[in-house]
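*Asks:* The structure under discussion is supplied below as structure tokens; questions concerning it will follow.
The values are calculated or read from the model by the stated rules, or taken from the named source; none is laboratory data. As the structure is a prediction and not an experimental result, all values here were calculated from the model. Note that we place each Cβ from the backbone using ideal geometry, even for glycine, and neighbour counts take in every protein chain shown. Quick note on the areas: whole protein, heavy atoms, side chains included, nothing else; ligands and nucleic acids left out. Shrake-Rupley method; radii C 1.70, N 1.55, O 1.52, S 1.80 Å.
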Amino acid sequence: FKSPNFNKRNSSNIIFIIIHYTALDNYTESISYLCNKKNKVSSHFLISQKGLIYSLVNEKKRAWHAGQSYWKDYTDLNSLSIGIELDYSKNKLNNKFSKEMITSLKILLNYLTKKYKIDKKNILAHSDISPFRKIDPGAEFPWKKLYSSNLVYMPKNEKKS
């Protein structure tokens, strides 16, 4: 499957990975949505509940997944990132981050971070870069599993005195 929703990156540096969830009924509906020109949205990858990884936009291209967003001093995050959608919707039947999905996500993150030399501090949630608009991948997302595999950064809880 290939999405027509992409354009040229404004930078050749890929320094972020942004994790999303689809909020749709299933991965086939998500592929259809992400590959529909009228929706003007896409991601580089989609991971199904069964752990299948779908490449929807070439990594060299600018997928349209981050929307209006920012992180530190960066604003055009679509040009600087790879977007990964997860087949998850809190209020539908696909309401779990399945073991197969997370296993495939770990494999994909490992591959992408090595290929592009992405710092684990730059693997972010959509809610990190668009905190007033987005909540995905949400409170149920298993960040600790990614942290225990040394794939993401986990800030330490600091006690205030």
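*Asks:* Restricting attention to the range 103-138, and to residues there that are assigned to a helix (DSSP H, G or I) and under 12 Å from ILE84 (Cα atoms), which single residue is nearest to the chain's Cα centre (by Cα)?
*Replies:* Looking at residues that are assigned to a helix (DSSP H, G or I) and under 12 Å from ILE84 (Cα atoms), I get HIS126.
*Asks:* Let me ask something else. Just need a number here: residues in the range 62-76 that are open to solvent by less than 40 Å² (accessible area, probe 1.4 Å) and under 12 Å from the mean Cα position of the chain (by Cα).
*Replies:* 3
*Asks:* Right, SER55: surrounded by 19 or more Cβ atoms within 10 Å (Cβ to Cβ) and among the polar types (S, T, N, Q) or not?
*Replies:* no
*Asks:* Look at the range 77-102 and say how many of its residues are in a helix (DSSP H, G or I) and open to solvent by less than 20 Å² (accessible area, probe 1.4 Å). Spell out the reasoning first.
*Replies:* If we filter the range 77-102 for residues that are in a helix (DSSP H, G or I), which is where we start, we get 77-80, 99-102.
Restricting the remaining residues to those that are open to solvent by less than 20 Å² (accessible area, probe 1.4 Å) gives 77-79, 101-102.
The number of residues fulfilling the criteria is 5.
*Asks:* When you look at LEU151, is it part of a loop (DSSP other than H, G, I, E, B) and open to solvent by less than 60 Å² (accessible area, probe 1.4 Å), yes or no?
*Replies:* Working: part of a loop (DSSP other than H, G, I, E, B): yes; open to solvent by less than 60 Å² (accessible area, probe 1.4 Å): yes.
When the stated conditions are applied, LEU151 passes them.
*Asks:* Another question, then. Those residues that are more than 20 Å from LYS2 (Cβ to Cβ) and polar (S, T, N, Q), I need them from the range 61-87; list them, please.
*Replies:* Hits for the range 61-87 are GLN68, SER69, THR75.
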